[in-house]
Amino acid sequence: LVKQSFLKEYPVKVIHNGINLQIFTPTESDIKQRYHIEDKKIVLGVASVWDRRKGLDTFVELSEKISDSYQIVLVGLNNKQIKKLPDNIISINKTNSPQELAELYSVADVFVNPTLEDNYPTTNLEAIACNTPVITYNTGGSSESAKIFGKVTEEKGVDFILKAIYEDNFDETEDKRIDYRDTVYEYIEIYKVVLLDINYNLN
């Protein structure tokens, strides 16, 4: 998009978000036992702020249609939202640590991100790093990261998400994990180039 704008004459480089792979990695836990859902497949949703734009309404509708063999777990809800959600959704206000969040990603069978507006969400990357596939709409960078490991539904709506969950066949690239240290290195390399250019022009 930048290359289509008035900035098209300038160099453009994309640097993807990265995450801490020492934390977000497949992690064992007793979460299923803790919530008494040992016999369920887990559909996970995570957001720092939940609203319609992030797909909260979608999860409510999904809870009405999904098979009893699945359990929806949502993380990041406020107390008011928790009180309003259906009883068949496990609602978590927030995790106590990034490690606990990694445990949730790891125990989930699928991470669903029905966002209607997004950039390049790190929640997708965190799920993928924990070896959990992502289902999302073709929205911004959310679809781009889901193509690493998961499925993108071109149509928006609960029925399309439900179909993707039930089909349970997800595309997977060879390298699924994006380390934040690689991201930092790319920024440093750009700064080096810029500084060299500035010094050259000053001299």
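Output yes when any residue across the stretch 109-117 is in contact with a Pro (Cβ under 6 Å, 6 or more places away or on another chain) and either modelled with pLDDT of 95 or more or in a strand (DSSP E or B) (or both), and no when none is.
yes
Of everything in the stretch 26-42 that's among the hydrophobic types (A, V, I, L, M, F, W, C) and touching a residue at least 60 places away in the same chain (Cβ under 8 Å), which residue is surrounded by the most Cβ atoms within 10 Å (Cβ to Cβ)?
Ile42
Does any residue of the stretch 147-168 turn out to be assigned to a helix (DSSP H, G or I), at pLDDT below 90 and of a type in the set (D, E, K, R)?
Among the residues of the stretch 147-168, not one is assigned to a helix (DSSP H, G or I), at pLDDT below 90 and of a type in the set (D, E, K, R), which makes the answer no.
Residues checked against (1) more than 18 Å from Thr25 (Cβ to Cβ); (2) touching a residue at least 40 places away in the same chain (Cβ under 8 Å); (3) open to solvent by less than 10 Å² (accessible area, probe 1.4 Å):
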{"position": "Asp87", "(1), (2), (3)": "yes, no, no"}
{"position": "Glu103", "(1), (2), (3)": "no, yes, no"}
{"position": "Val107", "(1), (2), (3)": "no, yes, no"}
{"position": "Pro114", "(1), (2), (3)": "yes, yes, yes"}
{"position": "Tyr120", "(1), (2), (3)": "yes, yes, no"}
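List every residue pair whose Cβ atoms sit under 9 Å apart, with the two residues 6 or more apart in sequence or on different chains, where the first one lies in the stretch 68-80 and is open to solvent by less than 80 Å² (accessible area, probe 1.4 Å) and the second, anywhere, is of a type in the set (Phe, Trp, Tyr) and part of a loop (DSSP other than H, G, I, E, B).
Hits for this filter: Gln71/Tyr35; Val73/Tyr35; Leu74/Trp50; Gly76/Trp50; Leu77/Trp50; Asn78/Trp50.
Suppose we filter the stretch 118-146 for residues that are within 13 Å of Gly55 (Cβ to Cβ), in a loop (DSSP other than H, G, I, E, B) and β-branched (Val, Ile, Thr); how many remain?
Total satisfying the criteria: 1.
Given the options Asn131, Asn93, name the one that is surrounded by fewer than 18 Cβ atoms within 10 Å (Cβ to Cβ) and within 21 Å of Glu38 (Cβ to Cβ).
Asn131
Under the condition of being among the hydroxyl-bearing types (Ser, Thr, Tyr) and open to solvent by less than 60 Å² (accessible area, probe 1.4 Å), which residue from the stretch 1-25 is farthest from Ile148 (Cα to Cα)?
Per the criteria, the residue is Ser5.
Could you list all residues from the stretch 166-199 that are of a type in the set (Ser, Thr, Tyr), surrounded by 12 or more Cβ atoms within 10 Å (Cβ to Cβ) and free of Cβ contacts under 8 Å to residues at least 60 places away in the same chain?
Tyr185
Is it the case, given these coordinates, that Asn138 is polar (S, T, N, Q), more than 21 Å from Gln71 (Cβ to Cβ) and surrounded by fewer than 16 Cβ atoms within 10 Å (Cβ to Cβ)?
yes
Within 24 Å of Ala129 (Cα to Cα), open to solvent by 60 Å² or more (accessible area, probe 1.4 Å) and of a type in the set (Lys, Arg): is that true of Arg53 in this structure?
no
A quick yes/no check of all residues on (1) over 18 Å from Ile72 (Cα atoms); (2) under 12 Å from the mean Cα position of the chain (by Cα):
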{"site": "Glu100", "(1), (2)": "no, no"}
{"site": "Ser106", "(1), (2)": "no, no"}
{"site": "Leu116", "(1), (2)": "yes, no"}
{"site": "Thr122", "(1), (2)": "yes, yes"}
{"site": "Ala129", "(1), (2)": "yes, yes"}
{"site": "Val134", "(1), (2)": "no, yes"}
{"site": "Gly157", "(1), (2)": "no, no"}
{"site": "Phe160", "(1), (2)": "no, no"}
{"site": "Ala164", "(1), (2)": "no, no"}
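The values are calculated or read from the model by the stated rules, or taken from the named source; none is laboratory data. Here the structure is a predicted model, which is why all the values come from computation and not from measurement. FYI the Cβ positions are ideal-geometry reconstructions off the backbone, even for glycines, and counts take in every protein chain you see. SASA here: full protein model, heavy atoms, side chains in, ligands and nucleic acids out. Shrake-Rupley method; radii C 1.70, N 1.55, O 1.52, S 1.80 Å.
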